[in-house]
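So the structure is just underneath, and the comments pick up after that.
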Amino acid sequence: MGNLLFLMMSDRNDLPPPVGRNPRGGGYPAGAVTGATFAWWRELVEENPDCIVASAHHHMLKETTVASGPWEGYQKDEHGAWRGHYHGYFADGGPEGASYLYYVNGQPDAQAFERYLAARPGAIDLWLGGHTHTHPDDRHGGRSHV
């Protein structure tokens with residue numbers, strides 16, 4: 001729309017564990033996109049340097065906002081075992097990355113978007129997401145919602 005470009009990506013819940021759905025029928029919390037989605041996103045970003053680019057995915061990028069760091073979706077209980085905090089804990093579902101876009105093309109902790117953007121400051125203008133369910137003032141991990 002004009003000089004605004006919205007790139008909206010879907011999470012991959014159709015894949016088998018540990019990326020997509022678990023046998024009980026729910027999704028694992030770690031975010032996932034295909035390699036084709038990342039290539040599509042990168043191509044559109046590069047083809048539109050004069051646009052205001054807003055990227056949208058259910059998950060945020062690693063260590064960008066509240067609770068978007070490794071293991072920040074959980075807390076340890078009194079016995080030292082992981083338990084859910086923001087998300088349900090599933091040992092076989094990529095729990096380290098439950099609070100961010102963790103899988104790209106099936107690779108855990110891929111950070112494809114993060115590396116791309118670090119090498120190209122200003123390539124996009126906004127990343128929209130909302131996976132971590134928390135109150136507006138939460139600063140878990142030392143980061144805010146913005």
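Values in this text are rule-based calculations from the coordinates and carry no lab data. It should be emphasised that the depicted structure is a prediction, and the values quoted were computed from it without experimental measurement. As a convention, Cβ positions derive from the backbone with ideal geometry for all residues, glycine included, and neighbour counts pool all protein chains shown.
Relative to the longest principal axis of the Cα atoms of the chain, helix 35-47 runs at roughly 30 degrees.
Listed peptides 128-134, 94-100 appear in the order 94-100, 128-134 once ranked by packing, highest mean of other Cβ atoms within 10 Å at the front. For the stretch 36-95, the Cα-based Rg and Dmax, in that order, read 16.7, 53 Å. For Asp137 and Ala91, the difference between the fully extended length at 0.36 nm per residue and the C-alpha to C-alpha distance is 13.7 nm. Once you've got the GNM for the chain with C-alpha springs shorter than 10 Å, pick whichever of Val53, Val19, Val104 has the biggest mean-square fluctuation. Top of the fluctuation ranking is Val53.
Dividing the summed -39500 (n - 2.57) terms of all DSSP H runs of n ≥ 4 by the residue count of the chain sets its mean residue ellipticity at 222 nm at -4500 deg cm²/dmol. Please arrange Met9, Met1, Met60 by counting, for each residue, the other beta carbons lying within 10 Å of its beta carbon, fewest first. Ascending Cβ contact count within 10 Å gives the list Met1, Met9, Met60. Placing dummy labels 7 Å off each Cα toward the beta-carbon, the span from Val146 to Leu128 is 1.6 nm.
For the stretch 1-143, would you read off the P(r) tail past 20 Å as a percentage of all alpha carbon pairs? Cα-Cα pairs of the stretch 1-143 separated by over 20 Å account for 48 percent. A crude spin-label estimate for the pair Asn3 and His79, with each label 7 Å from Cα along the Cβ direction, gives 5.9 nm. Relative contact order for the chain: 30 percent, from Cα pairs under 8 Å spaced at least 6 residues apart, divided by residue count.
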